Structures are given as structure tokens and as C-alpha cells.
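What follows is a single structure, written as C-alpha cells, with notes after it.
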Amino acid sequence: MKFITNLSNIKVNFNLENATNIAGLLPFLQFLKQMEIENTFRCFDPIKKSNSQFPFRKIIIYLIIGWVASCTRLFHFRSMQKDAMIQQFMGGKCPHHTLLGKDLRSLAKFNVQLDVKELMHDIIEPALPSSLILDFDSTIETVYGNQELAKKGPNSHKPGRKSYHPLLVYEGKTRLCLNAALRPGNRHTADNAIELAKETLNLLSESQSVSYGRFDKGFAGEDFYSFWGRKAD
């Protein structure tokens, strides 16, 4: 039985002392702790010295928390660094935002992108159906500066600005993101689409199958159609 409560009947009081603008993250932090996410990323710890105060598993988790808290730039993490709730979750102290950039540059040297994707897929796999729908999409992310790989390209939001043009693959029923690829803003929608499709299919477990793929006219091309045609045979 479903119950519907009129919004006007819901009373809200903002009376929690010492609460911050990210106090609403508590259920998310509890969820991360329940799923034991630290163990998931423990395999990256050997990249740093064993006596590091913040091993890589904590850096990755901190980045995930920041993304959920709308930290779109590394310096935005300054607002989280002194938050008591985040500090407690991180074990008493949060890393300085300058350390995040340093560790990310170090991580890039080890080419662990595919390893991270495999781990993330392991996390979401229990929530995926056995028969999948693959939705291919792309988006434009405008940047303000000279970020690596950013290029000028078609940008209806900010014409003339540098941007990224990432490729994304979602599961159509759950809307979970299965895979993604970062590209410069001057790339065509279909560029590298076949490579991303192959990588996505390789990430799936043996118990999962693909019912069909969906994509808009931006992915149109004989090669892309032929790829899916061969899969259907």
C-alpha cells in the first residue's frame, strides 16, 4: 500500500547546532562505511610509501566524497578539510587539497584507469540486471583555464571556450554509469565509440548479457553499425 503525504503537511526545522552545509552527507558516509569501500581500493596502496598518512585508498574515497559534495575543483576541498563529520569518517584528519593534485599526478604515471573501472564495475554489479540495455551518450563540459586535453570545439553553452567532450555508457534500466572516456572538446561524438563499446563489453561479467544498445544520430556511421551488427549475429 502506498501513502502520499502533501508537502504542505511536512514540517521542517533547522535547529541542529554546529551543522555545516554538507551535514546531509551523513547517510552517504554511512553507506560507504557499510559497503566497506576502503577494502575495495586497498590494492592501490602500494603505489605510495607504506608509512604515508593518507594511503591511496583514502585519497580516492575523499575524492568521491568531494564529488558528491559538489567539489568540482581541487581547491574546493578546502571547505571540507575542517569539517568534523568528514574528519571523523576519514580517521581524524582530512588531506590537504594540494596533496590531492600531487597524488593524482603520481597515480597517472601508473596507468591504472582500467583497474579503477574494473573495481567500480564490481561495486555496481550487484545492482545491475542480468540483461542490460547500453545507452551511449556524450556531453560538453566547459572549462575555464588551460586544463590538460581541453580544446575548443562545438560548445552551445559557452561558444569559443575550451571544453571536454566525454563519452558515457549507461545501463538503460538502472541508469548506472558503466563506462566513460574523457576526450578533448574538438572530438566528434562518434570518435572512439567503438573502442569504448568493446571495453564496456569486456567489463561485463559472464552472467550478464546485452539486450540491445541505444544511441542518437551523433553515433551514426557504417563502422559503428557494423560493430553492433556483428554482435547481433
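The values are calculated or read from the model by the stated rules, or taken from the named source; none is laboratory data. All of these numbers come straight from a predicted model, not from anything done at the bench. Cβ sites come from the backbone with ideal geometry, for glycine too, and all protein chains shown count toward neighbours.
For region 118-184, which strands (runs of 3 or more DSSP E) that fit wholly inside it have 1 or more residues that are free of Cβ contacts under 8 Å to residues at least 24 places away in the same chain and either in contact with a Leu (Cβ under 6 Å, 6 or more places away or on another chain) or over 14 Å from Leu204 (Cβ atoms) (or both)?
Those strands (runs of 3 or more DSSP E) span 162-164, 177-181.
Can you work out which of the residues in region 136-178 that are closer than 16 Å to Gln208 by Cα and more than 16 Å from the chain's Cα centre (by Cα) is surrounded by the most Cβ atoms within 10 Å (Cβ to Cβ)?
My answer is Gly172.
Count, please, the residues in region 70-126 that happen to be within 24 Å of Gln147 (Cα to Cα) and hydrophobic (A, V, I, L, M, F, W, C).
Residues that pass the stated criteria total 14.
Evaluate region 143-163: report whether one residue or more is in contact with an Asp or Glu (Cβ under 7 Å, 6 or more places away or on another chain), in the same structural domain as Asn179 (by TED's automatic domain parsing) and polar (S, T, N, Q).
yes
Can you find, within region 92-120, the residue that is farthest from the chain's Cα centre (by Cα) among those that are loosely packed, with under 12 Cβ neighbours inside 10 Å and among the aliphatic types (A, V, I, L, M)?
Only one residue fits best here, namely Ala108.
Would you point out the residue of region 181-208, among those that are at pLDDT below 90 and of a type in the set (Gly, Ala, Ser), that is nearest to Val116 (Cα to Cα)?
Ser205
Tally the residues that are more than 16 Å from Phe227 (Cα to Cα) and over 18 Å from the mean Cα position of the chain (by Cα), restricting the search to region 185-206.
Step one: list which residues in region 185-206 are more than 16 Å from Phe227 (Cα to Cα), which gives 185-189, 203-206.
Remaining after also requiring over 18 Å from the mean Cα position of the chain (by Cα): 185-189, 205-206.
Residues meeting the conditions: 7.
Answer yes if at least one residue in region 25-42 is outside any helix (DSSP H, G or I) and either more than 29 Å from Thr174 (Cβ to Cβ) or of a type in the set (Ser, Thr, Tyr) (or both), and no otherwise.
No, there is no match, as no residue in region 25-42 is outside any helix (DSSP H, G or I) and either more than 29 Å from Thr174 (Cβ to Cβ) or of a type in the set (Ser, Thr, Tyr) (or both).
For region 89-104, check the following and say yes or no: at least one residue is part of a helix (DSSP H, G or I), aliphatic (A, V, I, L, M) and modelled with pLDDT of 90 or more.
Here is the first cut: in region 89-104, the ones part of a helix (DSSP H, G or I) are 89, 97-104.
Subset that is aliphatic (A, V, I, L, M): 99-100, 104.
Narrowing further to those that are modelled with pLDDT of 90 or more: 99-100.
Checking region 89-104: at least one residue is part of a helix (DSSP H, G or I), aliphatic (A, V, I, L, M) and modelled with pLDDT of 90 or more.
Out of the residues in region 63-76 that are in a helix (DSSP H, G or I) and over 13 Å from the mean Cα position of the chain (by Cα), state the one that is surrounded by the fewest Cβ atoms within 10 Å (Cβ to Cβ). Please lay out each step first, then the result.
At the first step, the residues of region 63-76 found to be in a helix (DSSP H, G or I) are 63-68, 74-76.
In the following step, the residues that additionally are over 13 Å from the mean Cα position of the chain (by Cα) were identified as 74-76.
Numbers: Leu74: 15, Phe75: 11, His76: 13.
Going through the qualifying residues, I end up with Phe75.
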